[in-house]
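Inspection log for the structure reproduced underneath, given as C-alpha cells.
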C-alpha cells in the first residue's frame with residue numbers, strides 16, 4: 001500500500017554522513033515539529049538524479065525555506081558513504097540532507113519501492129517528492145517511470 005496525503009510518515013532509521021562517519025537518523029525525530037520537503041530517486045550518481053534532481057533542490061533551497069520549509073532531504077536506496085560522497089560532489093552543503101535508506105526499509109514502508117533489477121540496480125525507490133508537515137504528508141508527487149517533472153523543486157515550489 002502506498003502512502004497517501006494525510007498519512008503519517010513511517011518510523012524508520014536512515015543514515016547520514018556526519019563527522020566522518022555514518023550516523024543514524026530517526027524519521028520520527030527528523031520530521032517532528034517541522035515542515036520538510038523530501039525528494040527521492042532511484043540512485044546516487046545516476047544521470048537524471050545528478051543533472052537535474054539534486055541540483056534543482058540545491059538551487060531553490062533558499063526559495064523553499066522562504067516558503068516555510070525547515071529542511072530538505074534527498075533519500076535514496078544507497079549506503080551513507082555513497083550519499084555522503086554524492087552530496088559533496090553535488091555541493092549540497094547544509095542545503096540538502098543526503099539520507100541513505102541502504103536496506104530500502106523506509107522506501108518499502110512508504111510503498112514506493114521499484115524493481116530495477118533489469119538495470120542491475122536491484123530494489124530501489126521510485127522517483128517522488130513530498131511535503132511533510134509535523135510528520136504528516138501534505139503533498140505527494142510520484143513520477144511515472146522514466147519521467148521527471150512532478151518531483152522537481154520547481155513543482156514543489158508551486159505547491160507551497
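Taken across the range 113-121, residues that are under 23 Å from residue 18 (Cα atoms) and either touching a helix residue (DSSP H, G or I) at 6+ places or on another chain (Cβ under 7 Å) or assigned to a strand (DSSP E or B) (or both) do not occur at all. Quick check on the range 37-61: of everything there that is under 17 Å from residue 133 (Cβ atoms) and in contact with a helix residue (DSSP H, G or I) (Cβ under 7 Å, 6 or more places away or on another chain), which residue is surrounded by the fewest Cβ atoms within 10 Å (Cβ to Cβ)? Applying the filter and picking the extreme gives 39.
Pairs only if they're at least six apart or on different chains, beta carbon under 7 angstrom, first in the range 44-56 and touching a residue at least 12 places away in the same chain (Cβ under 8 Å) and at negative phi, second surrounded by fewer than 19 Cβ atoms within 10 Å (Cβ to Cβ) and in a helix (DSSP H, G or I); list them, first residue then second. Between residues of the range 44-56 that are touching a residue at least 12 places away in the same chain (Cβ under 8 Å) and at negative phi and residues that are surrounded by fewer than 19 Cβ atoms within 10 Å (Cβ to Cβ) and in a helix (DSSP H, G or I), the close pairs are 44/82; 56/154.
Scanning the range 34-61 for residues that are in contact with a strand residue (DSSP E or B) (Cβ under 8 Å, 6 or more places away or on another chain) and outside any strand (DSSP E or B) gives 34, 42, 43, 44, 48, 49, 53, 54, 57, 61. Of the candidates 99, 110, the single residue that is buried (at least 17 other Cβ atoms within 10 Å of the Cβ), on the phi < 0 side of the Ramachandran plot and out of contact with any strand residue (DSSP E or B) (no Cβ under 7 Å at 6 or more places or on another chain) is 110. Of all positions in the range 123-130, at least one carries a residue that is modelled with pLDDT under 95, surrounded by fewer than 18 Cβ atoms within 10 Å (Cβ to Cβ) and closer than 23 Å to residue 10 by Cβ. Restricting attention to the range 62-86, which residues are out of contact with any helix residue (DSSP H, G or I) (no Cβ under 8 Å at 6 or more places or on another chain) and either under 20 Å from residue 148 (Cα atoms) or assigned to a loop (DSSP other than H, G, I, E, B) (or both)? Listed by number, the residues that qualify are 68, 69, 70, 79.
The values are calculated or read from the model by the stated rules, or taken from the named source; none is laboratory data. No experiment lies behind these values; they were computed from the predicted model shown. Cβ coordinates were reconstructed from backbone atoms using ideal geometry, including for glycine residues, and neighbour counts include every protein chain displayed.
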